[in-house]
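The values are calculated or read from the model by the stated rules, or taken from the named source; none is laboratory data. Because the structure is a prediction, the values reported are computed rather than measured. Please note: Cβ atoms are built from the backbone with ideal geometry, for glycine as well, and neighbour counts cover all protein chains shown. All accessible areas refer to the heavy atoms of the entire protein, side chains included, with ligands and DNA or RNA removed. Shrake-Rupley method; radii C 1.70, N 1.55, O 1.52, S 1.80 Å.
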Amino acid sequence: MKDDCIFCKLAGHVFETNIIYEDDDFTVILDANPATRGHALILPKEHYADLYEIPDELLKKAASLAKKIVSELTEKLGADGYNIVQNNGEKAGQTVFHFHIHLIPRYENDGQLIGWKPGKPGDDELKALADKIRL
Ligand code: 5GP
Ligand code: ZN
(Lines give C-alpha, C1' and ligand atoms only; values in the text may rest on other atoms or scores of the structure.)
(Ligands and ions follow the chains in the order given, each with its own letter.)
Protein backbone atom coordinates (compact mmCIF):
# COMPACT_ATOMS: atom_id res chain seq x y z
CA MET A 1 0.00 0.00 0.00
CA LYS A 2 1.21 3.49 -0.87
CA ASP A 3 0.90 5.72 2.20
CA ASP A 4 -0.35 8.83 0.44
CA CYS A 5 -2.73 7.06 -1.96
CA ILE A 6 -6.46 7.47 -1.37
CA PHE A 7 -7.40 4.50 -3.58
CA CYS A 8 -5.00 2.18 -1.71
CA LYS A 9 -6.83 3.18 1.46
CA LEU A 10 -10.30 2.73 -0.03
CA ALA A 11 -9.43 -0.60 -1.69
CA GLY A 12 -7.80 -1.80 1.53
CA HIS A 13 -10.65 -0.80 3.88
CA VAL A 14 -8.55 1.80 5.72
CA PHE A 15 -11.26 4.33 4.90
CA GLU A 16 -14.92 3.46 4.63
CA THR A 17 -16.52 3.66 1.21
CA ASN A 18 -19.41 2.18 -0.76
CA ILE A 19 -18.12 -1.18 -1.97
CA ILE A 20 -20.26 -2.99 -4.54
CA TYR A 21 -17.93 -5.94 -5.29
CA GLU A 22 -14.73 -7.39 -3.89
CA ASP A 23 -12.39 -10.31 -4.54
CA ASP A 24 -8.74 -11.12 -3.80
CA ASP A 25 -7.44 -8.70 -6.42
CA PHE A 26 -9.99 -5.87 -6.69
CA THR A 27 -12.35 -3.63 -4.78
CA VAL A 28 -15.12 -2.00 -6.80
CA ILE A 29 -16.57 1.18 -5.29
CA LEU A 30 -19.08 3.84 -6.20
CA ASP A 31 -17.47 7.05 -7.46
CA ALA A 32 -17.95 9.88 -4.94
CA ASN A 33 -18.70 12.34 -7.78
CA PRO A 34 -20.59 10.17 -10.23
CA ALA A 35 -21.09 11.12 -13.87
CA THR A 36 -24.35 9.16 -13.72
CA ARG A 37 -26.25 7.00 -11.24
CA GLY A 38 -24.19 3.87 -10.57
CA HIS A 39 -20.80 5.22 -11.77
CA ALA A 40 -18.31 2.77 -10.27
CA LEU A 41 -14.53 2.37 -10.11
CA ILE A 42 -12.58 -0.88 -10.34
CA LEU A 43 -9.55 -0.54 -8.04
CA PRO A 44 -6.75 -3.12 -7.84
CA LYS A 45 -5.82 -3.78 -4.20
CA GLU A 46 -2.13 -3.45 -5.11
CA HIS A 47 -0.85 0.00 -6.02
CA TYR A 48 -0.08 0.60 -9.72
CA ALA A 49 -0.07 4.20 -10.90
CA ASP A 50 -1.59 3.60 -14.32
CA LEU A 51 -1.96 1.33 -17.35
CA TYR A 52 1.78 1.47 -17.98
CA GLU A 53 2.48 -0.08 -14.58
CA ILE A 54 -0.25 -2.66 -14.05
CA PRO A 55 0.89 -6.21 -14.96
CA ASP A 56 -0.83 -7.84 -17.94
CA GLU A 57 -2.28 -10.72 -15.91
CA LEU A 58 -4.00 -8.36 -13.52
CA LEU A 59 -5.19 -6.17 -16.38
CA LYS A 60 -6.83 -9.18 -18.02
CA LYS A 61 -8.64 -9.92 -14.78
CA ALA A 62 -9.73 -6.27 -14.58
CA ALA A 63 -11.15 -6.44 -18.12
CA SER A 64 -13.09 -9.61 -17.30
CA LEU A 65 -14.37 -8.03 -14.12
CA ALA A 66 -15.49 -4.93 -16.03
CA LYS A 67 -17.48 -7.18 -18.37
CA LYS A 68 -19.08 -9.06 -15.45
CA ILE A 69 -20.09 -5.90 -13.60
CA VAL A 70 -21.40 -4.10 -16.67
CA SER A 71 -23.34 -7.21 -17.70
CA GLU A 72 -24.98 -7.59 -14.32
CA LEU A 73 -25.57 -3.93 -13.54
CA THR A 74 -27.05 -2.86 -16.86
CA GLU A 75 -30.31 -4.56 -15.93
CA LYS A 76 -30.09 -3.89 -12.21
CA LEU A 77 -29.70 -0.14 -12.77
CA GLY A 78 -32.05 0.00 -15.74
CA ALA A 79 -29.21 1.47 -17.81
CA ASP A 80 -29.36 1.82 -21.60
CA GLY A 81 -25.62 1.37 -22.15
CA TYR A 82 -22.21 1.77 -20.52
CA ASN A 83 -19.05 3.79 -21.07
CA ILE A 84 -15.80 2.25 -19.83
CA VAL A 85 -13.19 4.95 -19.31
CA GLN A 86 -9.60 4.62 -18.16
CA ASN A 87 -7.45 7.75 -17.90
CA ASN A 88 -3.63 7.74 -17.95
CA GLY A 89 -1.69 10.90 -17.20
CA GLU A 90 -2.69 14.33 -16.01
CA LYS A 91 -3.22 15.64 -19.55
CA ALA A 92 -5.61 12.74 -20.16
CA GLY A 93 -7.69 13.68 -17.15
CA GLN A 94 -6.20 11.32 -14.56
CA THR A 95 -6.50 12.85 -11.10
CA VAL A 96 -5.86 9.82 -8.86
CA PHE A 97 -2.62 8.06 -9.69
CA HIS A 98 -3.69 4.55 -8.70
CA PHE A 99 -4.89 2.57 -11.74
CA HIS A 100 -8.67 2.48 -12.00
CA ILE A 101 -11.38 1.76 -14.53
CA HIS A 102 -14.49 3.91 -14.64
CA LEU A 103 -17.74 2.02 -15.31
CA ILE A 104 -20.30 4.65 -16.27
CA PRO A 105 -23.88 3.57 -16.88
CA ARG A 106 -25.69 5.61 -19.50
CA TYR A 107 -29.35 6.53 -19.54
CA GLU A 108 -31.60 8.15 -22.10
CA ASN A 109 -31.23 11.95 -21.72
CA ASP A 110 -28.69 11.68 -18.87
CA GLY A 111 -27.12 14.91 -20.12
CA GLN A 112 -23.54 13.63 -19.83
CA LEU A 113 -20.88 14.33 -22.43
CA ILE A 114 -18.26 11.60 -22.58
CA GLY A 115 -16.44 12.01 -25.85
CA TRP A 116 -14.31 14.21 -28.07
CA LYS A 117 -14.54 16.66 -30.94
CA PRO A 118 -13.97 14.61 -34.13
CA GLY A 119 -10.98 15.77 -36.21
CA LYS A 120 -10.82 15.94 -40.01
CA PRO A 121 -7.32 14.86 -41.14
CA GLY A 122 -6.72 14.35 -44.86
CA ASP A 123 -6.17 10.84 -46.27
CA ASP A 124 -2.45 11.53 -46.83
CA GLU A 125 -1.99 12.79 -43.29
CA LEU A 126 -3.64 9.69 -41.82
CA LYS A 127 -1.61 7.38 -44.03
CA ALA A 128 1.67 9.11 -43.11
CA LEU A 129 0.81 8.83 -39.44
CA ALA A 130 -0.06 5.14 -39.74
CA ASP A 131 3.25 4.53 -41.55
CA LYS A 132 5.13 6.35 -38.80
CA ILE A 133 3.57 4.63 -35.80
CA ARG A 134 2.70 1.12 -37.08
CA LEU A 135 3.90 -1.47 -34.54
P1 5GP B 1 -9.63 10.04 -12.72
O2 5GP B 1 -9.91 11.48 -13.06
O3 5GP B 1 -8.30 9.88 -12.01
O4 5GP B 1 -9.75 9.11 -13.90
O5 5GP B 1 -10.78 9.60 -11.74
C6 5GP B 1 -10.74 9.73 -10.37
C7 5GP B 1 -12.14 9.51 -9.87
O8 5GP B 1 -12.08 9.20 -8.50
C9 5GP B 1 -13.08 10.71 -10.00
O10 5GP B 1 -14.21 10.35 -10.77
C11 5GP B 1 -13.43 11.06 -8.57
O12 5GP B 1 -14.79 11.46 -8.43
C13 5GP B 1 -13.16 9.76 -7.84
N14 5GP B 1 -12.74 9.93 -6.45
C15 5GP B 1 -11.72 10.73 -6.01
N16 5GP B 1 -11.59 10.63 -4.67
C17 5GP B 1 -12.53 9.74 -4.26
C18 5GP B 1 -12.89 9.22 -2.98
O19 5GP B 1 -12.31 9.57 -1.95
N20 5GP B 1 -13.89 8.31 -2.94
C21 5GP B 1 -14.55 7.89 -4.08
N22 5GP B 1 -15.53 6.99 -3.92
N23 5GP B 1 -14.23 8.38 -5.30
C24 5GP B 1 -13.25 9.28 -5.39
ZN1 ZN C 1 -2.67 3.29 -4.47
Item to check | Checking ALA32 against (1) more than 13 Å from HIS102 (Cβ to Cβ); (2) without any contact (Cβ under 8 Å) to a residue 24 or more places away in the chain, the condition it does not meet | outcome: (1)
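Whether any residue in region 19-36 is part of a helix (DSSP H, G or I), exposed (fewer than 12 other Cβ atoms within 10 Å of the Cβ) and of a type in the set (S, T, N, Q) is what I want to check.
Here is the first cut: in region 19-36, the ones part of a helix (DSSP H, G or I) are none.
No, there is no match, as no residue in region 19-36 is part of a helix (DSSP H, G or I), exposed (fewer than 12 other Cβ atoms within 10 Å of the Cβ) and of a type in the set (S, T, N, Q).
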Next on the checklist: Name the residue that is nearest to ligand 1 (Cβ to nearest atom), counting only residues in region 1-18 that are under 18 Å from the mean Cα position of the chain (by Cα) and assigned to a loop (DSSP other than H, G, I, E, B).
Outcome noted: THR17
Checklist entry - Inside region 1-11, can you point out the residues that are touching a residue at least 12 places away in the same chain (Cβ under 8 Å) and more than 14 Å from HIS100 (Cα to Cα)? => result MET1, LYS2
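Listed here are the residues, each with its yes/no results for (1) touching a residue at least 24 places away in the same chain (Cβ under 8 Å); (2) surrounded by 11 or more Cβ atoms within 10 Å (Cβ to Cβ); (3) touching a Leu at 6+ places or on another chain (Cβ under 6 Å).
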| residue | (1), (2), (3) |
| --- | --- |
| GLU75 | no, no, no |
| GLY78 | yes, yes, no |
| GLU90 | no, no, no |
| THR95 | no, no, no |
| HIS100 | yes, yes, yes |
| LEU103 | yes, yes, no |
| ARG106 | yes, yes, no |
Checklist entry - Condition test on ASP110, is it farther than 20 Å from LEU10 by Cα, charged (D, E, K, R), more than 16 Å from ligand 1 (Cβ to nearest atom) and modelled with pLDDT of 95 or more? => result no
Checklist entry - Can you find a residue in region 45-56 that is closer than 23 Å to PRO105 by Cβ and either crowded, with 17+ Cβ neighbours inside 10 Å or at pLDDT below 95 (or both)? => result no
Checklist entry - Of all residues in region 1-16, which are closer than 15 Å to LEU41 by Cβ, near ligand 2 (Cβ under 9 Å from one of its atoms) and either open to solvent by 90 Å² or more (accessible area, probe 1.4 Å) or aromatic (Phe, Trp, Tyr) (or both)? => result PHE7
Checklist entry - Residues in region 1-44 that are modelled with pLDDT under 95 and of a type in the set (A, V, I, L, M): how many? => result 1
